[in-house]
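To start, the structure itself, in structure tokens.
The values are calculated or read from the model by the stated rules, or taken from the named source; none is laboratory data. Worth saying up front: this structure is predicted, and the values here are computed from it rather than measured. We place every Cβ from the backbone using ideal geometry, glycine too, and count neighbours over all the protein chains shown.
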Amino acid sequence: MKRIYLMKGQLPYFLLTMSLSLNCLTEDDFKLKAKSICRQLLPSSSWKRASADQIRCSRIKTGKSNRLYICELMSYDGVNNRQQIEYHDDGLLSPVTTTTTSISNQSSLITELKKSQVQNKVIVRFYGSEFTGEGNQYRSISDELECRILDHLSSIGRAPKVYATFEGGRIDEFLENATLATVDTLRSTPYLRSLAMQIAQFHALQIELPEGDYYEIIKYFGTQCIPKVDEHLNSDLSPGERELITEIRNFVNSDQLNFIFGKMDNIDQRKVCGHFDLNPTNILVLPSETPQGRPTMDTLLIDFENCQTSFRGLDLGKFFSELSFTENNYIAARANGTSSSSQISPVSDAKIREFIRYYLTEWSSISDDFDPSIDNENNLFKEIKFNLMLALLGIIYWNVSNPDFLSKKLFNVTASRIILYQQFAKRWFS
């Protein structure tokens with residue numbers, strides 16, 4: 001397979017520098033900044049001539065790593081169409097009335113938009129958020145490397161286009177009619193098949209990425225969280241919070257990490273180009289049409305800031321852990337940092353194996369390194385099973401060690417991960 005070197009000289013988009021401090025900005029400040037950036041950086045004269053009042057700006061509230069805003073020119077004379085979209089209070093991408101050009105020959109929506117260069121609506125992304133800090137201090141790769149990955153993927157129709165970059169963020173293509181995936185959607189066979197193919201294609205990319213040692217990171221946070229949880233218990237807590245955090249302390253002191261590592265002998269694992277943030281808020285569902293006019297759906301991965309070279313079982317294990325939180329308002333629960341045991345529904349072994357079969361079928365057709373001794377259903381199931389448990393432990397330990405554990409009420413989401421871990425452990429190891 002040809003190795004793709006994403007060099008700086010390959011960038012076709014704007015690399016412009018702007019001074020941007022996100023400290024102490026209000027929501028209105030961010031919207032004004034987003035409008036100003038669009039007027040300055042987008043090459044269209046329509047954007048440059050527009051006043052701030054002629055640009056509508058709405059925040060997408062589902063993401064936790066970055067601040068995202070949809071900016072749209074209030075009046076736009078497109079060549080083939082004019083599209084309207086309603087912005088709901090939840091900030092989701094929720095199309096309600098659209099008139100679009102026909103998409104034939106199974107060409108994807110993203111390709112069609114690029115051909116017509118529809119730029120009346122874009123997404124302005126400010127790196128970082130209230131949760132991750134200015135610039136997103138928890139990202140795995142640099143902003144520039146993520147843009148180079150996006151540029152390559154968009155060139156083959158597998159990611160939104162980057163229109164411009166600026167210090168502290170970028171402007172992305174807005175995909176009309178795209179909606180965020182849901183847990184129920186991704187558990188259904190058509191979407192699970194589509195997503196398995198997309199992930200296999202991404203894993204097969206030969207991109208130079210940093211190589212992460214996730215196991216060492218888990219061990220580090222595992223040691224850090226033990227004294228931290230005692231520190232949390234010495235804080236001013238309500239009786240309910242104290243009871244919950246005491247349960248968390250009992251779990252982190254139970255040496256689950258060595259228990260899982262002790263079960264992992266003689267597992268052959270494959271390292272791949274991994275996404276490492278596969279959850280419904282980072283997966284788009286795109287509508288398209290077959291030549292017969294019968295609607296089908298496609299999926300698209302977004303947000304590549306956590307990409308690295310590591311074990312595919314970790315990438316897929318984390319995905320199935322996120323897919324184990326039911327459609328009981330997953331996105332709202334994620335945004336608010338809350339969850340309950342009623343929202344937890346571990347993905348069945350049958351559903352994981354169904355995904356694996358789609359994944360391996362695609363992998364065998366595109367990878368020059370297909371190895372039946374590793375790339376088989378039983379082995380990949382083992383990879384996913386053990387790494388799912390380790391991914392959950394990593395999230396639990398990281399949350400407990402986080403300085404915002406109390407202020408952001410991370411003990412709620414931590415407790416839900418412990419419940420999920422225990423349910424999988426009972427299924428697989430009891």
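Scanning the range 26-43 for residues that are surrounded by fewer than 16 Cβ atoms within 10 Å (Cβ to Cβ) and not in a helix (DSSP H, G or I) gives T26, P43. Of the helices (runs of 4 or more DSSP H) that lie entirely inside the range 181-295, those containing 2 or more residues that are over 20 Å from R353 (Cα atoms) span 214-233, 239-252, 256-263. Picking from residues in the range 367-387 that are in a helix (DSSP H, G or I) and without any contact (Cβ under 8 Å) to a residue 60 or more places away in the chain, the one that is surrounded by the fewest Cβ atoms within 10 Å (Cβ to Cβ) is N378. Going residue by residue through the range 247-256, is there one that turns out to be closer than 30 Å to I141 by Cα and either touching a Cys at 6+ places or on another chain (Cβ under 6 Å) or not assigned by TED's automatic domain parsing to the domain that holds G394 (or both)? Scanning the range 247-256, I find at least one residue that is closer than 30 Å to I141 by Cα and either touching a Cys at 6+ places or on another chain (Cβ under 6 Å) or not assigned by TED's automatic domain parsing to the domain that holds G394 (or both), so the answer is yes. Quick check on my filter: what residues within the range 204-249 are within 30 Å of E362 (Cβ to Cβ) and surrounded by fewer than 18 Cβ atoms within 10 Å (Cβ to Cβ)? Residues satisfying the conditions are Q206, E208, P210, E211, D213, Y215, I217.
Reported count of residues in the range 413-430, each being farther than 17 Å from Y397 by Cβ and either aromatic (F, W, Y) or exposed (fewer than 14 other Cβ atoms within 10 Å of the Cβ) (or both), is 5. Within the range 236-281, how many residues turn out to be out of contact with any Gly (no Cβ under 8 Å at 6 or more places or on another chain), more than 14 Å from Y397 (Cβ to Cβ), among the polar types (S, T, N, Q) and at pLDDT below 95? Of the residues in the range 236-281, 3 are out of contact with any Gly (no Cβ under 8 Å at 6 or more places or on another chain), more than 14 Å from Y397 (Cβ to Cβ), among the polar types (S, T, N, Q) and at pLDDT below 95.
Here R170 does not qualify as modelled with pLDDT under 90 and crowded, with 20+ Cβ neighbours inside 10 Å. Picking from residues in the range 388-424 that are touching a residue at least 40 places away in the same chain (Cβ under 8 Å) and of a type in the set (G, A, S), the one that is farthest from L237 (Cα to Cα) is A391.
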